[in-house]
1. Which of the residues belonging to segment 172-227 are among the charged types (D, E, K, R), more than 17 Å from the chain's Cα centre (by Cα) and surrounded by 13 or more Cβ atoms within 10 Å (Cβ to Cβ)?
2. Which of the numbered conditions does V190 fail, given that it passes all the others? Conditions: (1) farther than 13 Å from I159 by Cβ; (2) of a type outside the set (G, A, S); (3) assigned to a strand (DSSP E or B).
3. Please state which of the following conditions T272 fails to meet, knowing it meets all the rest: (1) exposed (fewer than 11 other Cβ atoms within 10 Å of the Cβ); (2) closer than 29 Å to C177 by Cβ.
4. Would you confirm whether any residue within segment 101-114 is more than 25 Å from F186 (Cα to Cα), modelled with pLDDT under 95, out of contact with any His (no Cβ under 7 Å at 6 or more places or on another chain) and of a type in the set (D, E, K, R)?
5. Answer yes or no as to whether L266 is in contact with a Ser or Thr (Cβ under 7 Å, 6 or more places away or on another chain), surrounded by 15 or more Cβ atoms within 10 Å (Cβ to Cβ), under 29 Å from V183 (Cα atoms) and not assigned by TED's automatic domain parsing to the domain that holds R218.
6. Listed residues V3, V7, V31, V75; which is on the phi < 0 side of the Ramachandran plot, of a type outside the set (K, R) and part of a strand (DSSP E or B)?
7. Pick from segment 232-263 the residues that are surrounded by 14 or more Cβ atoms within 10 Å (Cβ to Cβ) and acidic (D, E): which of them is nearest to A153 (Cα to Cα)?
8. Among the numbered conditions (1) loosely packed, with under 12 Cβ neighbours inside 10 Å; (2) closer than 21 Å to G270 by Cβ; (3) more than 35 Å from the chain's Cα centre (by Cα), tell me where L345 comes up short.
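The values are calculated or read from the model by the stated rules, or taken from the named source; none is laboratory data. Here the structure is a predicted model, which is why all the values come from computation and not from measurement. Cβ atoms come from the backbone with ideal geometry, glycine included; neighbour counts cover every protein chain shown.
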Amino acid sequence: MAVGATVVTKPSEGRLAVDVPGWRPDLKEEVDLIEEIARIHGYAALPDTLRPFRPGNQTDAPMALAADLVRRGFVAEGLYEVILLPVGAADSPDAVRILNPLSAEHGFLRGRLLPGLVRQAEANWGNQVRDIRLFEVGTVFRPGPGGRPVESAHAAGIITGARAPAHWTDGGHPPDCDRWDLVGLFERAVSLANPGASVQVHGEGWIARAPDGREVGRAGPLEADAAPWAAPLLGFEVEIDPTPRPVPRYRPLPTTPAAIRDLALLLPGGVTVATVQGVVREAGGPLLEAVAVLDEYRGGELPEGRRSVALRLTLRGRETLRDADAEEVIRRILTQLGQALDVTLRTA
């Protein structure tokens with residue numbers, strides 16, 4: 001070979017072995033040999049088209065697959081991706097300090113993605129851009145044992161300005177994004193990045209909690225140096241769970257009509273709707289296809305310490321359900337709710 005190495009065939013192993021001479025200490029690994037061959041062959045002679053096959057059988061890392069899923073989902077929601085430096089000013093009291101920073105303004109590793117996105121919103125306002133929809137998927141850092149930072153992957157996004165592009169049907173002035181646009185986007189982000197987490201109201205915003213109770217996401221209004229004509233800035237951030245996602249299962253289209261039943265329930269204080277839905281699904285059995293929340297009511301005519309929550313139940317069987325079959329399921333659900341949670345049916 002022109003690089004001075006000796007090629008030894010290994011027919012029994014189905015490979016070629018390369019014996020590197022002692023006077024080539026720069027050839028330490030396989031990649032060094034590949035780079036040397038490419039240099040001699042000529043970089044300009046290498047094709048620049050991507051091949052329609054994988055160069056190896058190494059599968060993508062679970063975190064990379066999860067991050068790609070999040071990116072595709074955010075793009076489908078109409079957000080634009082930005083890639084920012086993972087360094088900046090301290091964004092928390094326990095921010096990780098960089099020993100040899102590029103400048104005083106970049107002296108710490110970031111602990112969150114939202115501060116960088118807020119600066120991007122301010123930069124867009126400075127260029128007279130009012131409608132902003134940005135997201136980032138990146139690494140954040142926190143102090144770890146032994147002084148070494150611990151990395152984790154997060155996804156974050158911000159929205160401000162018009163909810164949709166201008167159109168003649170709204171006079172060219174579409175409404176601005178509000179907190180309900182944010183919670184819808186936050187729920188979508190949690191379902192993509194951390195499917196096992198649940199979204200809960202928290203103060204003026206929302207949080208996402210993992211099944212173990214740990215907070216893995218937060219959404220709400222953001223403070224920024226906004227222009228007088230700027231709309232409120234809303235944002236969210238959620239931790240990415242690298243656990244492989246389940247493969248979607250095929251469900252055939254139903255061949256029988258559904259039976260719809262609406263229930264107005266009286267919930268005691270401290271009983272969450274999610275807990276009620278869990279009991280309903282367990283008691284409903286295989287005939288219960290879906291449970292949806294219709295509304296919540298609190299008023300003086302209700303018993304003290306209770307609130308009214310309306311649920312819509314969708315029942316379906318392999319054969320068309322009779323009224324008696326549907327009523328039997330409802331009776332079983334109400335009995336289980338009363339025994340387990342002291343939830344009763346609102347009759348007036």
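1. Going through segment 172-227, the residues among the charged types (D, E, K, R) turn out to be 176, 178-179, 181, 187-188, 204, 209, 212, 214-215, 218, 223, 225.
Those left that are additionally more than 17 Å from the chain's Cα centre (by Cα): 176, 178-179, 204, 212, 223, 225.
D176, D178, R179 - these are the residues of segment 172-227 that are among the charged types (D, E, K, R), more than 17 Å from the chain's Cα centre (by Cα) and surrounded by 13 or more Cβ atoms within 10 Å (Cβ to Cβ).
2. (3)
3. In the conditions (1) exposed (fewer than 11 other Cβ atoms within 10 Å of the Cβ); (2) closer than 29 Å to C177 by Cβ, T272 misses (1) alone.
4. yes
5. Numbers: in contact with a Ser or Thr (Cβ under 7 Å, 6 or more places away or on another chain): yes; surrounded by 15 or more Cβ atoms within 10 Å (Cβ to Cβ): yes; under 29 Å from V183 (Cα atoms): yes; not assigned by TED's automatic domain parsing to the domain that holds R218: yes.
Taking the combined requirement at face value, the residue satisfies it.
6. Details: V3 fails: part of a strand (DSSP E or B); V31 fails: part of a strand (DSSP E or B); V75 fails: part of a strand (DSSP E or B).
Only one candidate passes the filter, namely V7.
7. Among those that are surrounded by 14 or more Cβ atoms within 10 Å (Cβ to Cβ) and acidic (D, E), it is E239.
8. So the condition that L345 fails would be (1).
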